[in-house]
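Colleague: Before we start, here is the structure in question, set down as structure tokens.
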Amino acid sequence: MWGRIATDKVHFGEGLHRKAFRTTVICGLLPLFDSGHSCVLKIHNTIAYGTKSNNDLIELNYKLAVQECQVQNTAREYACGFAAEGMLLDNFGDGPEVIPIYLIHRTANIIPYATVEEELIGDFVKYSVRDGRELNVGRKVSEAGQKCCTFQHWVYQRTDGNLLVTDMQGVGMKLTDIGIATCSKGYKGFKGNCYISFIEQFKALHQCNQYCNMMGLKSLKTSQQKPKRTGSVKTHLTHNQSRTQQRKYPLHQMQGLLLLLDHSAPRACSTIRSWLICTPTLLTCLCSISLDTLT
């Protein structure tokens with residue numbers, strides 16, 4: 001898969017760990033993105049460059065970027081299962097969607113590995129872990145926020161309290177920058193990127209809502225048995241629990257495949273070659289930069 005993208009040199013957003021740059025697909029990258037599609041490229045800004053050897057820094061950069069893909073795409077699998085179960089209930093409606101992210105390699109950059117995802121258009125909000133209220137727009141109650149809370153509760157219950165999807169944020173029902181907290185030993189071979197204290201906080205703060213009741217989720221405030229569903233089930237659902245096993249992609253396996261090029265212009269144009277790595281719980285796009293010189 002070949003294509004070309006243009007990335008702004010100056011970031012438009014910055015979080016605790018990463019910076020976000022607007023990127024536009026010029027051509028190619030089908031079926032992931034059409035030409036002209038607006039994307040967001042994110043890079044880690046927490047690596048202490050200059051304190052370690054270059055190889056160690058690249059290895060760390062690679063591991064952090066891969067972890068971002070593993071975490072968000074694992075959360076995406078859980079969200080798909082949650083939405084499928086919600087479809088079987090009358091009046092439940094749509095569930096939240098965690099958008100996929102892809103891993104790319106920029107060979108001539110000091111921070112070569114990054115992630116890319118579609119750009120979400122609209123008001124970006126973060127939802128409260130307590131009741132799903134929109135934290136940055138006057139604590140407004142919304143269907144999306146309440147369903148995000150129910151989604152967290154659903155994942156927590158299905159994993160017996162060993163895994164929690166955290167940092168519910170995005171535009172409406174479309175979520176990104178997701179985190180996952182796991183118990184100290186991980187969950188079925190998978191370890192998240194958030195502290196176990198996130199799980200304890202969720203247990204203490206979560207307030208069940210109508211969608212929790214429709215899903216028949218057990219209250220976290222009592223030791224009562226699981227209540228009956230209040231939503232009418234249209235048909236019987238047999239849903240195998242997602243196995244979120246963490247796959248490792250050693251850096252040395254990528255060398256020779258992933259090449260390098262960067263561009264010093266304000267909008268860096270790069271030719272991309274992409275591979276898809278698909279597992280039951282992970283969708284990662286590995287992109288390499290062509291050595292062709294761009295003008």
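The values are calculated or read from the model by the stated rules, or taken from the named source; none is laboratory data. Bear in mind the structure is a predicted one, so any value in this text is a computation, not a measurement. Positions of Cβ are backbone-derived with ideal geometry, glycine not excepted, and every protein chain shown enters the neighbour counts.
Colleague: Right, residue 133: among the basic types (Lys, Arg) and surrounded by fewer than 23 Cβ atoms within 10 Å (Cβ to Cβ) or not?
Modeller: Yes.
Colleague: Return a yes/no flag: does the stretch 73-92 have any residue that is touching a helix residue (DSSP H, G or I) at 6+ places or on another chain (Cβ under 8 Å), of a type outside the set (Gly, Ala, Ser) and part of a loop (DSSP other than H, G, I, E, B).
Modeller: Within the stretch 73-92 (the criterion being touching a helix residue (DSSP H, G or I) at 6+ places or on another chain (Cβ under 8 Å), of a type outside the set (Gly, Ala, Ser) and part of a loop (DSSP other than H, G, I, E, B)), the answer is yes, since at least one residue qualifies.
Colleague: Related question: Inspect the stretch 140-160 for any residue being of a type in the set (Lys, Arg), in a loop (DSSP other than H, G, I, E, B), modelled with pLDDT under 95 and out of contact with any Gly (no Cβ under 8 Å at 6 or more places or on another chain) and give the result as yes or no.
Modeller: no
Colleague: Inspect all residues belonging to the stretch 3-14 and state whether any of them is closer than 22 Å to residue 167 by Cβ, of a type in the set (Gly, Ala, Ser) and modelled with pLDDT of 85 or more.
Modeller: Yes, the stretch 3-14 has at least one match.
Colleague: How about the stretch 114-130: which of its residues are free of Cβ contacts under 8 Å to residues at least 60 places away in the same chain and surrounded by 24 or more Cβ atoms within 10 Å (Cβ to Cβ)?
Modeller: Passing the criteria: only 127.
Colleague: Related question: When only residues in the stretch 151-164 that are touching a residue at least 40 places away in the same chain (Cβ under 8 Å) and farther than 15 Å from residue 205 by Cβ count, which is surrounded by the most Cβ atoms within 10 Å (Cβ to Cβ)? Quick ask: steps written out before the conclusion?
Modeller: Restricting attention to the stretch 151-164, the residues satisfying the condition of being touching a residue at least 40 places away in the same chain (Cβ under 8 Å) are 151-159, 161, 163.
Now restrict to residues that are farther than 15 Å from residue 205 by Cβ: 151, 154-155, 157-159, 163.
Working: 151: 28, 154: 24, 155: 22, 157: 16, 158: 18, 159: 21, 163: 25.
The extreme case among them is 151.
Colleague: Something else now. May I ask you to say which residue of 107, 159, 182, 150 is hydroxyl-bearing (Ser, Thr, Tyr), on the phi < 0 side of the Ramachandran plot and touching a helix residue (DSSP H, G or I) at 6+ places or on another chain (Cβ under 7 Å)?
Modeller: Step by step, each of 107, 159, 182, 150 is checked, and only 150 is hydroxyl-bearing (Ser, Thr, Tyr), on the phi < 0 side of the Ramachandran plot and touching a helix residue (DSSP H, G or I) at 6+ places or on another chain (Cβ under 7 Å).
Colleague: Could I ask something else about it? Please determine whether any residue of the stretch 140-149 is among the β-branched types (Val, Ile, Thr), surrounded by fewer than 16 Cβ atoms within 10 Å (Cβ to Cβ), more than 19 Å from residue 206 (Cα to Cα) and more than 15 Å from the chain's Cα centre (by Cα). Walk me through how you get there before you give the answer.
Modeller: Keep residues of the stretch 140-149 that are among the β-branched types (Val, Ile, Thr), which gives 141.
If we keep only those that are surrounded by fewer than 16 Cβ atoms within 10 Å (Cβ to Cβ) too, we end up with 141.
So of that shortlist, the ones also more than 19 Å from residue 206 (Cα to Cα) come out as none.
No: the stretch 140-149 contains no residue that is among the β-branched types (Val, Ile, Thr), surrounded by fewer than 16 Cβ atoms within 10 Å (Cβ to Cβ), more than 19 Å from residue 206 (Cα to Cα) and more than 15 Å from the chain's Cα centre (by Cα).
Colleague: Out of the residues in the stretch 5-21 that are of a type in the set (D, E, K, R) and assigned to a strand (DSSP E or B), state the one that is surrounded by the most Cβ atoms within 10 Å (Cβ to Cβ).
Modeller: So, considering only residues that are of a type in the set (D, E, K, R) and assigned to a strand (DSSP E or B), the one surrounded by the most Cβ atoms within 10 Å (Cβ to Cβ) is 18.
Colleague: For the structure I just gave you, tell me whether residue 175 is among the aliphatic types (A, V, I, L, M) and closer than 18 Å to residue 70 by Cα.
Modeller: On the way: among the aliphatic types (A, V, I, L, M): yes; closer than 18 Å to residue 70 by Cα: yes.
Against the criterion (among the aliphatic types (A, V, I, L, M) and closer than 18 Å to residue 70 by Cα), residue 175 qualifies.
Colleague: Being more than 14 Å from residue 145 (Cβ to Cβ), among the acidic types (Asp, Glu) and in a loop (DSSP other than H, G, I, E, B) is the filter here, so list the residues in the stretch 95-130 that pass it.
Modeller: Applying the first criterion (more than 14 Å from residue 145 (Cβ to Cβ)) to the stretch 95-130 yields 97-122.
Then drop every residue that is not among the acidic types (Asp, Glu), which leaves 97, 117-119.
Within the stretch 95-130, 119 is the sole residue that qualifies.
Colleague: Report yes if some residue within the stretch 186-195 is free of Cβ contacts under 8 Å to residues at least 40 places away in the same chain, surrounded by fewer than 22 Cβ atoms within 10 Å (Cβ to Cβ), of a type in the set (D, E, K, R) and over 13 Å from residue 124 (Cα atoms); otherwise report no.
Modeller: Looking through the stretch 186-195, none of the residues is free of Cβ contacts under 8 Å to residues at least 40 places away in the same chain, surrounded by fewer than 22 Cβ atoms within 10 Å (Cβ to Cβ), of a type in the set (D, E, K, R) and over 13 Å from residue 124 (Cα atoms).
Colleague: Look at residue 36 and say whether it is at pLDDT below 80 and over 21 Å from residue 110 (Cα atoms).
Modeller: On the way: at pLDDT below 80: no; over 21 Å from residue 110 (Cα atoms): yes.
When the stated conditions are applied, residue 36 does not pass them.
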